[in-house]
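To start, the structure itself, in structure tokens.
Please treat every number below as a calculation from the coordinates, not as lab data. It should be emphasised that the depicted structure is a prediction, and the values quoted were computed from it without experimental measurement. Heads up, the Cβs are rebuilt from the backbone with ideal geometry, glycines too, and the neighbour counts pull from every protein chain shown.
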Amino acid sequence: MEFKISKVKTIKSYMTTLRSFNVGDERYYRLEGTDYMGFHNARKRLAERNIALFSFENIETPDDKLFKITRTE
């Protein structure tokens, strides 16, 4: 008998990630796939619900492109 082994898929939660920031927290992410749009959509939803405000900035280093996220309120 042969078994087909499955893998558990992890779903990224941008809302949960942004909610984990305290006011003034600053973090850097290396973006993969749809991360850029995911963070922007989550930021919009949190702002519309008056939960939190964030600023985003693209940072380029000689070795990498990073996405800087800061919680402002």
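Scoring 45-54, 21-30 by mean Cβ neighbours within 10 Å over their residues and listing the highest first yields 45-54, 21-30.
Descending by average beta-carbon neighbour count within 10 Å, the peptides 31-37, 13-19 line up as 13-19, 31-37, the highest first. Projecting the Cα atoms of MET15, PHE67, THR34 onto the charge dipole of the chain, computed from C-beta unit charges around the Cα centre, puts MET15 farthest toward the positive end.
The lysines within cross-link reach of LYS7, meaning a Cα-to-Cα straight distance under 30 Å and a gap of 8 or more places when in the same chain, are LYS65.
Approximating the spin labels as points 7 Å out from Cα along Cα→Cβ, the GLU57-to-GLU73 distance works out to 2.0 nm. Mean separation of Cα pairs under 8 Å and 6 or more residues apart, divided by the residue count, gives the chain a relative contact order of 36 percent. Three principal axis extents describe the C-alpha atoms of the chain; from largest down they are 57, 37, 19 Å. The label point for ILE11 and the one for ARG49, both projected 7 Å from the Cα toward the Cβ, are 1.5 nm apart.
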